[in-house]
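S.K.: Please find one structure pasted underneath; my questions will follow.
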Amino acid sequence: MPQLKKRQVPGSKSAEFLELSRTYEPPCAADQVPVVWDHAERVWVTDVDGNRYIDFTSGVLVTNLGHSHPGLVRAIQEQATRLMNCYSFPTPERVTAASRLVKTFPPNLDKVFFLSTGAEATEAALRVARRYTGKQEVLGFYGAFHGRTYGAMGVAGSMGTRRQFGVPVPGGIMAPYAYCYRCFYDKKYPECDLYCLKALDRVIGSSSSGDLGAVIVEPYQGTAGFVFPPDGWLKQLEAWARERDLVLIVDEVQSSFGRTGKMYAIEWEDVRPQMICLGKGLGSGVPCSALGGESKVLASMAAGELSSTWGGNPLASAAALAVMEAMEKEKLPENALKIGAGMKARFLEMKGKYRFLGDVRGKGLVMGLEFVDSRDGYTPSPEITRRVIMGCAENGLLLGKVGFYGNVIRIAPPLVINQEEADMALDILDSVMADFE
Ligand SMILES: Cc1ncc(COP(=O)(O)O)c(C=O)c1O
């Protein structure tokens with residue numbers, strides 16, 4: 001286990017590349033730790049100055065398998081020497097990946113179509129829903145993020161996807177998500193009896209033209225600040241949608257592939273959507289996404305109508321196969337559950353110690369720490385969040401922030417993390433926070 005020394009962030013070489021980036025690229029990410037990555041292995045990232053960090057970002061929840069997983073690297077190398085692209089011609093890799101992936105789905109989802117990015121998968125789901133239902137409107141949720149294409153933005157409610165881009169694609173109807181720590185309706189769970197779901201009919205009654213056909217929802221909202229709805233919320237939403245004959249699309253682009261301690265977050269409540277969107281962890285570093293669905297729903301699209309240049313290419317398919325194999329063989333969802341439970345218990349202890357740590361939430365290896373002003377214990381504090389992130393980076397822990405107010409640190413290490421590494425990371429976080437008391 002590498003010993004971590006305090007380092008200057010950014011280091012001198014990182015600073016040079018950051019300057020080059022500022023000169024030749026538009027800003028790529030908001031408020032990111034100024035570290036330039038050189039290489040990475042499992043949960044360890046080394047920057048261009050030779051500093052090592054424990055990665056609690058998984059590169060935006062992508063590298064579930066850990067960086068440069070040997071099985072994945074081998075699969076990509078072997079595939080690259082044989083065949084990398086052939087557009088939509090079937091290959092053994094693609095159809096085997098499809099058959100293997102479908103077997104991991106709930107039984108009603110019996111078909112899958114491969115694409116390359118998460119936004120492509122959600123965009124495809126929206127197109128299918130319109131075609132299948134013949135209806136134009138889709139219900140989405142405040143705080144949602146489904147990608148940066150116009151259709152996906154039209155059913156999203158996160159900052160940076162709707163603001164100042166003009167009139168969104170028509171048909172998106174938006175309702176409050178179950179963000180209990182900052183309830184839109186100012187109610188308290190469980191006394192509220194999930195009022196936000198009960199209010200949905202009123203939202204639809206006042207905003208829909210009567211042409212609602214589908215609902216798109218994340219099992220937890222990542223970009224909004226790792227907002228986890230209370231147990232039972234998603235299941236009740238499923239029932240609500242079914243009673244109204246609406247197609248349910250679950251966006252599992254970031255919540256799947258073991259992240260919450262199950263292969264899919266919908267497994268926690270045995271939710272059965274008609275479509276599921278996958279991305280990120282499916283390729284675990286190689287761009288690969290997928291739209292899973294019921295045959296009768298996907299059959300509404302004619303041959304070719306879902307296709308894209310790179311979707312299901314042999315390289316990405318070989319990667320997806322290697323990911324599924326490692327996920328199962330190394331029992332990564334189980335590891336996420338085990339390590340995550342210990343980490344959450346420790347975060348809750350920290351919440352008791354530090355008044356500026358307002359909320360701790362999450363499951364498996366995906367958690368949100370919401371930072372607030374110590375004086376009232378509630379006002380969002382992006383400033384403390386920023387200081388914690390920088391303090392941790394200087395001590396060898398890489399974190400990222402999200403949230404409507406920019407005051408949530410996301411905890412999302414690769415699922416291969418072991419106990420010693422988790423303890424080391426949490427010791428860093430604890431000692432950085434202790435300095436602020
Ligand atoms: C829930 C969810 N859906 C869709 C996307 C879009 O994925 P991509 O950036 O690969 O287009 C993201 C990305 O963060 C996401 O978190």
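S.K.: Could you run the Debye sum over the Cα atoms of the range 74-130, one equal point scatterer each and no solvent, and tell me log10 of I(q)/I(0) at q = 0.14, 0.21 Å⁻¹, two decimals?
M.R.: Values, matching the q order: -0.52, -1.02.
S.K.: What ³J(HN,Hα) values, in whole Hz, does the Karplus curve 6.51 cos²θ - 1.76 cosθ + 1.60 give for the range 331-347 when θ = phi - 60°, with x put for Gly and Pro?
M.R.: Each residue's phi maps through the Karplus curve to give 6, 5, x, 5, 5, 4, 5, 5, 5, x, 5, x, 5, 5, 4, 6, 4 Hz.
S.K.: List the lysines whose Cα sits under 20 Å from the Cα of LYS235, skipping any in the same chain fewer than 8 residues away.
M.R.: List returned: LYS188, LYS198, LYS262, LYS363.
S.K.: With a probe of 1.4 Å, find how much accessible area the range 14-54 has per residue, and write the answer as a whole number in Å².
M.R.: Numbers: 2650 Å² over 41 residues.
Result: 65 Å² of accessible area for each residue.
S.K.: On to the next question. Tell me, what % of the accessible area of the chain is carbon and sulfur with a 1.4 angstrom probe? Could the numbers behind the result be given before it?
M.R.: Values: 10350 of 19140 Å².
The C+S portion of the solvent-accessible surface of the chain is 54 percent.
S.K.: I've got another one for you. For the range 266-417, just run the numbers: alpha carbon Rg, then divide by 2.2 N^0.38 Å, N being how many residues it has. Walk me through the numbers on the way to the answer.
M.R.: Details: Rg = 19.6 Å, N = 152, 2.2 N^0.38 = 14.8 Å.
Dividing the Cα Rg of the range 266-417 by 2.2 N^0.38 Å gives 1.32.
S.K.: Find, to one decimal place in angstroms, the Kirkwood hydrodynamic radius of the range 52-198, where the mean of 1/r is taken over every pair of different Cα atoms and then inverted. Don't skip to the answer; put the middle values down first.
M.R.: Values: mean 1/r = 0.0522 Å⁻¹.
The answer is 19.1 Å.
S.K.: Further, regarding this structure: Kirkwood hydrodynamic radius (Cα pairs, Å) of the chain?
M.R.: Working: mean 1/r = 0.0447 Å⁻¹.
Hydrodynamic radius (Kirkwood, Cα only) of the chain equals 22.4 Å.
S.K.: Which semi-axis lengths, in whole Å and largest first, follow from the square roots of five times the eigenvalues of the Cα gyration tensor of the range 122-194?
M.R.: Values: eigenvalues 131, 49, 17 Å².
Result for the range 122-194: semi-axes of 26, 16, 9 Å.
S.K.: Could I ask something else about it? How do the peptides 413-421, 363-371, 101-109 rank, highest first, by the average count of neighbouring beta carbon atoms within 10 Å per residue? Don't skip to the answer; put the middle values down first.
M.R.: Details: 413-421: 20.9, 363-371: 26.4, 101-109: 16.3.
Order by mean packing, descending: 363-371, 413-421, 101-109.
S.K.: Cα to Cα, under 20 Å, and not fewer than 8 places away if on the same chain: which lysines meet these conditions relative to LYS111?
M.R.: Candidates past the 8-residue exclusion: LYS103, LYS280, LYS296.
S.K.: Here's something else I'd like to know. What number do you get for the range 110-268 when its Cα radius of gyration is normalised by 2.2 N^0.38 Å, N = residues? Mind dumping the intermediate values first?
M.R.: Working: Rg = 14.9 Å, N = 159, 2.2 N^0.38 = 15.1 Å.
In units of the 2.2 N^0.38 Å rule of thumb, it is 0.99.
S.K.: To continue, here is another question. Can you pull the Rg over Rh of the range 220-307, Cα-only, Kirkwood?
M.R.: Details: Rg = 14.0 Å, Rh = 14.2 Å.
Across the range 220-307, the Cα-based Rg/Rh ratio is 0.99.
S.K.: Once each part is reduced to its C-alpha centroid, what is the distance from the range 185-241 to the range 118-171 in angstrom?
M.R.: 16 Å
S.K.: Right, next: Percent of alpha carbon pairs in the range 327-404 separated by more than 19 Å? Walk me through the intermediate numbers first.
M.R.: Numbers: 1346 of 3003 pairs.
Cα-Cα pairs in the range 327-404 separated by more than 19 Å: 45 percent.
S.K.: By the gyration tensor of its Cα atoms, with a ≥ b ≥ c the square roots of the eigenvalues, what is the shape of the range 1-129: rounded for a/c under 1.5, prolate for a/b over b/c, or oblate? Provide the component values of the computation, followed by the final result.
M.R.: Details: a/c = 2.21, a/b = 1.84, b/c = 1.20.
Here the range 1-129 falls in the prolate category.
The values are calculated or read from the model by the stated rules, or taken from the named source; none is laboratory data. From a predicted model like this one, the values you see are computed outputs, not experimental measurements. Using ideal geometry, Cβ is built from the backbone for each residue, glycine included, and neighbour counts are taken over all protein chains shown. Areas reflect the complete protein model, heavy atoms only, side chains present, ligands, DNA and RNA absent. Shrake-Rupley method; radii C 1.70, N 1.55, O 1.52, S 1.80 Å.
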